């Protein structure tokens, strides 16, 4: 009897159904993250065919992001309301149908409606993948599930522009959306096979934190539009931006009121008071800024300065995916055996170095100047994101995994919005500054300037202006990468708040 008591307990292992559920969640997250950026390379072509201007066309990307950011934090409540399988089935089917609608679009309003639908339904697929890992796999096998989810979260934004560009160049932009049809069918099949049905809890509608739900929709939705469109609309010189800012403030006030008044808030902001989880959210916000910021800035630099087309620029961005693929087989081992603090600190340092390497850009820089930095960026992102995924899940008990996942993924996407808004501001302000300084350095009475003007003839002034513009823009992009590297350095000390767990320890409680 004593022998039986002292014998080690057999390690719990997930069954085939659990792994199929993880595969379904991962496939859904990949489909959703891919569609965030798959239209980026195709936007000029799409705009031309549906009769949209450049400014209007940006809403094709913005509409998806706004809808996704609104629904991600709500996914935990929606899961409790409908049950996991019902939520994922509804989201997968509707996402596929909205994708087909986008592919068939002939007007801008039709495309925007389709993209909003994609965002609302795709946003539910991303955090539920993390929830499946936290609730269907035993702790010892969660690193494998986290590695699968982390790879999709990293590869989606990287592969999207290249895949979209290739389809646009070789087939048609419509297939960037039609591609989701076979994927959606496979996903629905996996969900029916792997995830058991759970009865809906429709009484939660009556008990819902409607103040919080309305506040989330207004606050995050309006804030995202302000960040995306602020620079283009001249910020607070625009009545639209002023109105949206007030709506966002009202939304966050309602969300805060819901935290106090509701018996069960729609999302537990109190999780942010958990030292480890709050640190994870802060770090993933900055990492999201770097991931989305560089995936936008590098193609823009190559297109504007080096004359690359969208497919060529996308291939440079995809270099960062190589370390992800190479490291994926060993990531579960790393998650089990490497201290979280060491890995995240190493990853942040590598990300800072990768951004700093790009501060030395010149007007003659091309794709070769980004090779080392992109490979380092991919490696740093793996060390950061894989372990931050793990830390986010382990910071809270399983019943709060949905709320934690929603906050975590929202923070990453908001980081992307902050990055795009910041890039627009920096490009506008620093381009003007560098242009003026370069102009001031040219003395009209200088013999060198006079000789150049005499040699170039009537086109001399236009040539000088073009050279100043190119050099100023190059310096502006260098500033962007310098700011990203400094931003990462600032959050490195938060690594000290992460706490590693011993093997086979229970999940940490949220405070």
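The values are calculated or read from the model by the stated rules, or taken from the named source; none is laboratory data. Because the structure is a prediction, the values reported are computed rather than measured. Glycine also receives a Cβ, built like all others from the backbone with ideal geometry; neighbour counts cover every protein chain displayed.
Which one of these does residue 233 not meet: (1) surrounded by 16 or more Cβ atoms within 10 Å (Cβ to Cβ); (2) under 19 Å from residue 73 (Cβ atoms)?
The number of the failed condition is (2).
Which count do you get for residues in region 250-269 that are surrounded by fewer than 14 Cβ atoms within 10 Å (Cβ to Cβ) and part of a helix (DSSP H, G or I)?
2
Please state which one of 207, 228 is more than 28 Å from residue 35 (Cα to Cα) and at pLDDT below 80.
On inspection, the qualifying residue turns out to be 207.
For region 339-359, name all the residues that are touching a residue at least 12 places away in the same chain (Cβ under 8 Å) and over 28 Å from residue 477 (Cβ atoms).
Those that are touching a residue at least 12 places away in the same chain (Cβ under 8 Å) and over 28 Å from residue 477 (Cβ atoms): 339, 340, 341, 343.
Is it the case that residue 189 is touching a residue at least 12 places away in the same chain (Cβ under 8 Å), surrounded by fewer than 24 Cβ atoms within 10 Å (Cβ to Cβ) and assigned by TED's automatic domain parsing to the domain that holds residue 82?
no
Mind listing whichever residues of region 306-324 are in contact (Cβ under 8 Å) with a residue 60 or more places away in the chain and part of a helix (DSSP H, G or I)?
310, 311, 313, 314, 315, 317, 318, 320, 321, 324, listed by residue number.
Residues that are under 26 Å from the mean Cα position of the chain (by Cα) and either modelled with pLDDT under 70 or not assigned by TED's automatic domain parsing to the domain that holds residue 221 (or both): find the helices (runs of 4 or more DSSP H) completely inside region 398-511 holding 3 or more of those. If you could, list the steps in order and put the result at the bottom.
Working: elements: 401-441, 447-456, 460-491.
Answer list for region 398-511: 401-441, 460-491.
How many residues are assigned to a helix (DSSP H, G or I) and in contact (Cβ under 8 Å) with a residue 60 or more places away in the chain if we restrict to region 360-373?
3
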